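The values are calculated or read from the model by the stated rules, or taken from the named source; none is laboratory data. For clarity, every value in this text was computed on a predicted model and none was experimentally measured. So basically every Cβ, Gly included, is an ideal-geometry build from the backbone, and we count neighbours across all protein chains shown.
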Amino acid sequence: MTDEAPAGLRDNEAGWQPEPYVLPRLAAVDNLATALFGRGLSEEAAEALAGAAVQPEDMRRKLTDVNKLRVQGGTLHIVETRLWSASVLPHPANPREGASSQRPGASPG
């Protein structure tokens, strides 16, 4: 055993460190929430999705090219973007968690 540090590490480094989390601009989050609300989402759902977006300005741009997926009983409008996983709803086709809790994007009842 030696006292030498692994190659590429300095004395003050403790190995790999993740990139620091950068909060999105509040104006971008507000603009996305307004755009989602304008597309028919409830105020709560719009704020929840806007707050979950990693890059809200990117998600707002993608609202101009929404994909549609037909499912039993309706159509899902899909925008692909990165979201913080702790803030989002499970996949709608996965019934294991659906009825156990109320989500901001869900209709009451």
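Say whether the condition of being in a loop (DSSP other than H, G, I, E, B), under 22 Å from Ala27 (Cα atoms) and modelled with pLDDT under 90 is met by at least one residue in the stretch 85-102. Yes, that holds for at least one residue. Pairs are defined by a Cβ separation below 7 Å, a sequence spacing of at least 6 or placement on different chains, a first member in the stretch 59-88 that is of a type in the set (Phe, Trp, Tyr), and a second member that is assigned to a loop (DSSP other than H, G, I, E, B); the pairs so defined are Trp84/Val54. In the stretch 21-30, the residue that is nearest to the chain's Cα centre (by Cα) out of those that are surrounded by 16 or more Cβ atoms within 10 Å (Cβ to Cβ) and not in a loop (DSSP other than H, G, I, E, B) is Val29.
In the condition set (1) in a strand (DSSP E or B); (2) surrounded by 10 or more Cβ atoms within 10 Å (Cβ to Cβ), Arg70 is compliant with all but (2).
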